[in-house]
Amino acid sequence: MLLDTPSLYFRAFYGVPESVTSPDGMPVNAVRGLLDMIATLVRQHSPAQIVACMDADWRPAFRVAAIPSYKAHRVASGDEEEVPDTLAPQVPVIEEVLDALGISRVGVAGYEADDVIGTYATAATGAVDIVTGDRDLFQLVDDEKPCRALYTVRGIRNLQIVDEAFVREKYGIPGRAYADFATLRGDPSDGLPGVAGIGDKTAAALITRFGSLSALVAALDDGAADGFPAGARNKLAAARDYLEVAPAVVRVARDVPVPDADITLPAAPRDPERLVALSEKHGLDSPLSRLLATLTQ
């Protein structure tokens, strides 16, 4: 089980009231919410291994170099991500609690959590569940492995199971073609412009017709007109520079140098004394009790 941890703690932050605080008055809604999410996921899916994947770099230089608008609208100052004032102090607490629990927390300099997830998912020899609220990770879905996404859009207790059939039905594209589809369509939430004038339906028709973005670009370069919806060829030709660089931005990396880590689901806390201290300081007795009860089942 690969956790898109930033996606989950943002969801927890907005899903649990800020009135949930530690004894000193600091909001711990994201911390408590995330711990309860992990307890629910472990109880329902019983993973043998688990990784809390982190953003060591939320806006990697290689993506910004290719498309400068990448996540630019979410920059607070310098290169810092705009994060709610009451969430930012909770992230180090989340990291400390995960470490004390023994849940492996992996981030790699220069890469996003998505890239860490892509690397673990690609290297895994068995079934993989990716827990995320980010559609970008649908590109990793692979029925043969199998690798699926547990999509949190409806809540952690009502997860949508995303496999290749879901992708085909939802977007009208081949089950493993989500990255190519997203490149054409763009994603305003990430500052990805897409191809001007190409919406969901045309993007799906193009990917279905040509099978992949690389095949589509090859047909475009060959000057072939067959298979291009009316007007689409000129729009694609106008976006040729974008199509050259965008795939490296949209596709998650699958070869990140992740550190050696014991990703076995812990049956007991790695550092019980530290966990007790964190629990007392931040008022985490209830969610930690629920999670520990689940881990020891």
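Before moving on, here are some points about what is shown:
- Each listed q (0.07, 0.08, 0.09 Å⁻¹) maps to a log10 I(q)/I(0) for the chain, found by the Debye formula over equal Cα scatterers with no solvent: -0.30, -0.38, -0.48.
- Phi-derived couplings, Karplus 6.51 cos²θ - 1.76 cosθ + 1.60 at θ = phi - 60°, listed residue by residue for the range 226-240: 4, x, 8, x, 3, x, 5, 4, 5, 5, 5, 4, 5, 9, 4 Hz, with x used for Gly and Pro.
- Computed over the range 43-153, Kirkwood Rh from alpha-carbon pairs, angstrom: 15.7
- Residues whose amide H comes within less than 5 Å of that of Q49, counting only those at least five positions distant or on another chain, are L265 (H built at 1.01 Å from N in the peptide plane).
- Gain on full extension, evaluated as 0.36 nm per residue between R274 and D260 minus their Cα-Cα distance, stands at 2.7 nm.
- Sparse packing (at most 16 other Cβ atoms within 10 Å of the Cβ) combined with a DSSP loop state is found for the following trypsin sites (Lys or Arg not before Pro) in the range 194-279: R254, R270.
- Contour minus Cα-Cα distance for S46 and D143 (0.36 nm per residue): 33.0 nm
- Cross-link partners of K235 among aspartates and glutamates (Cα-Cα below 14 Å; sequence separation of 8 or more within a chain): D221
- For the chain, calculated [θ]222 nm from helices alone, where every DSSP H run of n ≥ 4 adds -39500 (n - 2.57): -13500 deg cm²/dmol
- A simple rule links phi to the HN-Hα coupling: the Karplus curve 6.51 cos²θ - 1.76 cosθ + 1.60 with θ = phi - 60°, which for the range 251-261 gives 6, 6, 5, 10, 9, 5, x, 5, x, 5, 8 Hz, with x for Gly and Pro.
- Principal semi-axes in Å for the range 207-287 [√(5λ), Cα gyration tensor, largest first]: 54, 15, 12
- D_trans [Stokes-Einstein, Kirkwood Rh over alpha-carbon pairs] for the range 195-234, 25 °C, 0.890 mPa s, µm² s⁻¹: 242
- Selected from Y14, Y120, Y242 as most flexible by GNM, with the chain as the system and alpha-carbon contacts under 10 Å: Y14
- Whole-number D in µm² s⁻¹ for the range 1-61, Kirkwood Cα-pair radius fed into Stokes-Einstein, 20 °C, 1.002 mPa s: 168
Only the coordinates and a few stated rules stand behind these numbers; no lab work does. Keep in mind that this is a model prediction, so the values were computed, not measured. We place every Cβ from the backbone using ideal geometry, glycine too, and count neighbours over all the protein chains shown.
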